[in-house]
Amino acid sequence: MNDPHPLRSDAWFNNPAEPGETAIYLERFANRGITGQELRAGRPVIGIAQSGSELTPCNFIHVSLVQRVKDGIRDAGGIPVEFPTHPIQESVRRPTAALDRNLAYLALVEILTGYPFDGVVLTTGCDKTTPAALMAAATVDIPAIVLSGGPMLDATWEGHRAGSGMVLWQARRDLAAGRIGPDELIDRVVGTVPSAGHCNTMGTALSMNSLAEALGMSLPGCAAIPAPYAERAAMAYRTGYRAVELVREDVRPSAILTRAAFDNAIVVASAIGASTNCPPHLAAIAAHAGIRLDVRDWDRIGYHIPLLVDLQPAGRHLGESFHRAGGVPAVIGELLAAGLLDGTAATVSGGSIADNCAARRSLDTEVIRRYGDPVKHDAGFMVLSGNVADSAILKTSVIGDDYRDRYLGGDVATACFEVRAVVFDSPEQYRATIEDPELGVGPDSMLIVRNAGPVGYPGSAEVVNMSPPGALVRQGIEMLPCMGDGRQSGTSDSPSLLNVSPEAAVGGGIALIRTGDRLRVDLPGRRIDLLVDEDELQRRRAEPLPEVVASYTPWQELFRRHVTQLSEGAYLDFATAYRSAGRIVPRHSH
């Protein structure tokens, strides 16, 4: 079938002006039986960016799903070519998988620009695989479509819903209080992994895959289908088929990743109770698409959006139930009906977001609530600033009743409170000393961890959701206010002040705080301030910054030199200058 648009792959496989070069490119595909007739027949070559491997269990489902993707590509008249991506596994990679997002992005850009691809299927799952893929799609700008792997099935422990991550945080508190031992902690966490798939809570994985769908880069309904479902394999087939059509229609990410799409994604993020890791990830994707998202856009656009999805950690249910209730299309349908989304935004389906979802509604209003009956009102992120930070994110949807009553006077909208700082210069120091009574950790304390950001850690670690010492947990105080220049897991139910920017390692105000200082948190004023006089602050500013952990790989050193702060997206500062890289045909190799 002849395509109305020239195929990029023809510059490799079908260039009559330079047969000697064409022969080189065709030659080695023949060693596995691919014929020149196939490669020179005007059939789009579709890359499949394979993120699944034995090193990445959250994405391992793609190892089997890829066959259905290939079936779809072939049936649509394309040629599938599977290739591996740099592995990213959130729970295993040390010191943090945040180092790998930008590395995977760079590798994917080089693969997509340097090889004969007309389009690409981006397989995603675990947290940072999704933004890495979308960042690369924005930079290269060849037709692209996201296929997520889906969450695990819903899990239970002793008759109760047991969500990924949530089980661990509660078990850590129980261990600190002496209610369980180390073996039971491990048994609980491992025993609540029921199937293939990524986290079944609204952690960063399900959040970012939901936002890929909200941005228009996945087919409708893709994000929430559980990994083991037959529907997931059917979605893989449809995604492969659609990838070929996108090439023939010349639909590129630049037509989809618009300002309207990003604003829509912020609204959807609030409605689903999305992870606090979404702001830096979305900012990075936008930056590579040539769009500036200010961190305060999350407050301006998203704060007053109600929470519609009753999913852990902000609610009660889990990912399988979210899918059965209608998934992301049902949420978008509610938001469209309320006039909160731009329905004209384009999607990879070929229709607008309104075409896809305007008629969709919740199939289970216990899980996805109607707009007029939300789980919570005003459920988006707050963005605070003050003399300790230019910005810090607070996820309001996870503020529970006990925390609200203890610290916020029962009302988030009017809350202003003071706390005593207890400062840790590293997560290692926190773990080693949190039970030390000499720290004086009490109900009025705020636990603060620093040197955990993009430069300081390096990469930015998920360490801000710190549990109180066991003595407080035994008194019924299971959460204290926390703050840090790192991140926290999207599965956490801690309403921490996090992603503090600038970080301590580059001279941010969080470096000035000392244990025993008082801080004032003013939520309606969006302020977080250190209550220390200016002369003392000036003295502290003159002190040398604490030494950070040394880089011990070449990538860590390069990353630290070029990474931006979390408020900006923690992308590589030089990389956003490169746009539409896939439109350039590289020079010959021989």
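Of Ala413, Ala432, all but one fail to be open to solvent by 50 Å² or more (accessible area, probe 1.4 Å), small (Gly, Ala, Ser) and at pLDDT 95 or above; the exception is Ala432.
Only one of Thr239, Thr276 is among the polar types (S, T, N, Q), touching a residue at least 40 places away in the same chain (Cβ under 8 Å), part of a loop (DSSP other than H, G, I, E, B) and crowded, with 24+ Cβ neighbours inside 10 Å. Can you tell me which?
On the way: Thr239 fails: part of a loop (DSSP other than H, G, I, E, B).
Being among the polar types (S, T, N, Q), touching a residue at least 40 places away in the same chain (Cβ under 8 Å), part of a loop (DSSP other than H, G, I, E, B) and crowded, with 24+ Cβ neighbours inside 10 Å holds for just one of Thr239, Thr276, which is Thr276.
For the criterion of being under 22 Å from the mean Cα position of the chain (by Cα), touching a residue at least 12 places away in the same chain (Cβ under 8 Å), closer than 24 Å to Ser254 by Cα and open to solvent by 20 Å² or more (accessible area, probe 1.4 Å), Leu293 fails.
In the set (1) free of Cβ contacts under 8 Å to residues at least 40 places away in the same chain; (2) not hydroxyl-bearing (Ser, Thr, Tyr); (3) not in a loop (DSSP other than H, G, I, E, B), the condition left unmet by Ala550 is number (3).
Considering (1) out of contact with any Phe, Trp or Tyr (no Cβ under 9 Å at 6 or more places or on another chain); (2) open to solvent by 60 Å² or more (accessible area, probe 1.4 Å), the lone condition that Asn59 does not fulfil carries the number (2). Checking Leu112, Leu55, Leu108 one by one, the residue that is under 23 Å from the mean Cα position of the chain (by Cα), modelled with pLDDT of 95 or more and farther than 21 Å from Ala289 by Cβ is Leu55 and no other.
Test Ala269 against the criterion of being part of a helix (DSSP H, G or I), in contact (Cβ under 8 Å) with a residue 24 or more places away in the chain and among the aliphatic types (A, V, I, L, M), and give yes or no. Taking the combined requirement at face value, the residue satisfies it.
Report whether or not Val81 is among the aliphatic types (A, V, I, L, M), open to solvent by less than 40 Å² (accessible area, probe 1.4 Å) and free of Cβ contacts under 8 Å to residues at least 60 places away in the same chain. Lay out the reasoning, then the answer.
Details: among the aliphatic types (A, V, I, L, M): yes; open to solvent by less than 40 Å² (accessible area, probe 1.4 Å): yes; free of Cβ contacts under 8 Å to residues at least 60 places away in the same chain: yes.
So Val81 fits the description; yes.
Scanning the stretch 82-105 for residues that are within 28 Å of Lys70 (Cβ to Cβ) and in a helix (DSSP H, G or I) gives Asp100, Arg101, Leu103, Ala104, Tyr105. Quick one: would you say Ser580 is at positive phi and touching a Lys or Arg at 6+ places or on another chain (Cβ under 9 Å)? Answer is yes for this residue.
Go over the candidates Asp517, Asp529 one by one and state the one that is modelled with pLDDT of 95 or more, more than 30 Å from the chain's Cα centre (by Cα) and charged (D, E, K, R). Step through it out loud before you land on a result.
Details: Asp529 fails: more than 30 Å from the chain's Cα centre (by Cα).
On inspection, the qualifying residue turns out to be Asp517.
Go through the stretch 556-580 and give me each residue that's open to solvent by 40 Å² or more (accessible area, probe 1.4 Å), of a type outside the set (D, E, K, R) and under 13 Å from Pro458 (Cβ atoms). Once the filter is applied, which keeps residues that are open to solvent by 40 Å² or more (accessible area, probe 1.4 Å), of a type outside the set (D, E, K, R) and under 13 Å from Pro458 (Cβ atoms), the stretch 556-580 yields Leu558, His562.
Under the condition of being charged (D, E, K, R) and closer than 22 Å to Asn387 by Cβ, which residue from the stretch 447-486 is most open to solvent (accessible area, probe 1.4 Å)? Please lay out each step first, then the result.
At the first step, the residues of the stretch 447-486 found to be charged (D, E, K, R) are 450, 462, 474, 478, 485.
Of the ones still in play, those that are also closer than 22 Å to Asn387 by Cβ are 450, 485.
Details: Arg450: 20, Asp485: 0 Å².
Only one residue tops the list, namely Arg450.
Could you check the stretch 524-547 and list, in sequence order, the residues that are charged (D, E, K, R), over 19 Å from Val449 (Cβ atoms) and assigned to a helix (DSSP H, G or I)? Glu534, Asp535, Glu536, Arg539, Arg541 - these are the residues of the stretch 524-547 that are charged (D, E, K, R), over 19 Å from Val449 (Cβ atoms) and assigned to a helix (DSSP H, G or I).
A search for C-beta distances below 8 Å between a residue of the stretch 493-520 that is within 15 Å of Thr276 (Cβ to Cβ) and any residue that is open to solvent by 10 Å² or more (accessible area, probe 1.4 Å) and acidic (Asp, Glu), counting only pairs 6+ apart in sequence or on different chains, returns Ser501/Asp390; Ser501/Glu568. The single condition from (1) open to solvent by 20 Å² or more (accessible area, probe 1.4 Å); (2) over 27 Å from Ser494 (Cβ atoms); (3) in a helix (DSSP H, G or I) that Ser321 fails is (2). Taking each residue of the stretch 460-483 that is of a type in the set (Lys, Arg) and looking for partners that are assigned to a loop (DSSP other than H, G, I, E, B) and open to solvent by less than 40 Å² (accessible area, probe 1.4 Å) with beta-carbon atoms closer than 6 Å, six or more apart or interchain, yields Arg474/Ala177.
The values are calculated or read from the model by the stated rules, or taken from the named source; none is laboratory data. Keep in mind that this is a model prediction, so the values were computed, not measured. When we count neighbours, we look across all protein chains shown, and the Cβ atoms used for this are built from the backbone with ideal geometry, even at glycine. Please note that ligands, DNA and RNA were not included when accessible areas were found on the heavy atoms of the full protein model with its side chains. Shrake-Rupley method; radii C 1.70, N 1.55, O 1.52, S 1.80 Å.
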